[in-house]
Every structure is written in C-alpha cells, then in structure tokens.
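The values are calculated or read from the model by the stated rules, or taken from the named source; none is laboratory data. Note that the structure is a prediction, hence the values are computed from the model and not measured. Every residue, glycine among them, receives a Cβ derived from its backbone with ideal geometry; neighbour counts consider all protein chains shown.
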C-alpha cells in the first residue's frame, strides 16, 4: 500500500502533515468536490504518491508554482515535502475557485506550511518567475505551455503529469511551440508519464 511506502520514505513530521492533509481532504470533499469521490479509497496512491513522485523530479529550486491547484495536487504535497527537504524554497498555489482556496489555506494553517495562495485565474496572475512549474489535470499541453511562457523562469523546468495520450499532446504542442522534453514513466498509473519540459518558445508565425 502506498501509505506504507510513503511512511518509510519521509520523516515522522512530514508523514504527520500528510495525514492531516488527507484527513482534511476527506472531510471537505463531499462539500466542494476536490477530487473524484471514487478515488478517495485510493487517496494515498492516486493523489499523494502521484504528487510525491513529481516532487522527486524537481531537484534544487527556489520557487515552485502550482497552477490550478484545486485540492492541492501536486502543489500542497510538494510544499509538505519541501518544508523539510527544501526549507529555503517558496511555494505559490494558484486557484481561481474561492472555496478550494479556503481549503488550501486550511491545510496550510493546520500543517504549518508557509505557502502563498493566489485566488485568481492563472492568466491574470503577474509573471511568477518560477524555477519549477507544475499543473495536474488542468489543460492541454499546448495551453500549459502558454502558461509556462508567462510564469516560468528562463532556465526553469515544468513538470506536467499526463495520461495515455501524452505523445499526441506533445505532437500537437510542437505545432505552436519549440521546447525540449523528457518523459518519465509514472509509478502510479499505467501508460501515464510526467513530462519534464524547458526551453519554451513560440514557433514564429
């Protein structure tokens, strides 16, 4: 079970924060639909471990920005891991839904996380100059690269989990963008990958 895998990999403090987060998500989910109800029994595998594997790809960074954070995946999980492993880094979560922002702020308060939560649309937020940019189940890769052009630093890296159609999304995006990419196979879902992307520039018209 993923919960047991995680507890072996993190400190007691980090695991306690993850448990608080999981408990709050189960409490709030019936009211504001943070994640699909059907995935709650597999919360640790489907959402927490899935987000932890994204954090593991980040390397060193100063500013992590998560777009369309929703229930906090992967942004809040990254912030929980980062509280111990990247203590000097800052985390910014962007989410336009005010109710979901209230949930994110509650988790941050209850777990003692120092995160910035912006209750705005991604395209309305001032450029963030992120070293790491993440987004999970938010938009097509083509659209995500537009967000990355705005919010990612010149030498930053985007980490975008994608499902079985990931290669088709890459092919589509390459008609509008130049970028270098690498796929990392997901540990939690067959045929899914995490795309590591950098060097983003628009294709000249």
Practice task
Among the candidates 164, 158, single out the residue that is crowded, with 18+ Cβ neighbours inside 10 Å, free of Cβ contacts under 8 Å to residues at least 60 places away in the same chain and under 20 Å from the mean Cα position of the chain (by Cα).
Solution key: 158
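Table: residues versus (1) out of contact with any strand residue (DSSP E or B) (no Cβ under 6 Å at 6 or more places or on another chain); (2) at pLDDT 95 or above; (3) in a helix (DSSP H, G or I).
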{"position": "156", "(1), (2), (3)": "no, yes, no"}
{"position": "161", "(1), (2), (3)": "no, yes, no"}
{"position": "175", "(1), (2), (3)": "yes, yes, no"}
{"position": "187", "(1), (2), (3)": "yes, no, no"}
{"position": "195", "(1), (2), (3)": "no, yes, no"}
{"position": "205", "(1), (2), (3)": "yes, no, no"}
Handout entry: Residue among 58, 52, 78 that alone is farther than 18 Å from residue 130 by Cβ and under 13 Å from the mean Cα position of the chain (by Cα)
Key = 52
Fill in the blank from the handout: Residue count, region 125-146, condition farther than 16 Å from residue 51 by Cβ and touching a strand residue (DSSP E or B) at 6+ places or on another chain (Cβ under 6 Å), comes to 7
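One line per residue, one yes/no per condition, for (1) in contact with a helix residue (DSSP H, G or I) (Cβ under 9 Å, 6 or more places away or on another chain); (2) modelled with pLDDT of 95 or more; (3) surrounded by fewer than 22 Cβ atoms within 10 Å (Cβ to Cβ); (4) assigned to a strand (DSSP E or B):
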| position | (1), (2), (3), (4) |
| --- | --- |
| 137 | no, no, yes, no |
| 142 | yes, yes, yes, no |
| 145 | yes, yes, no, no |
| 184 | yes, yes, yes, yes |
| 199 | no, yes, yes, yes |
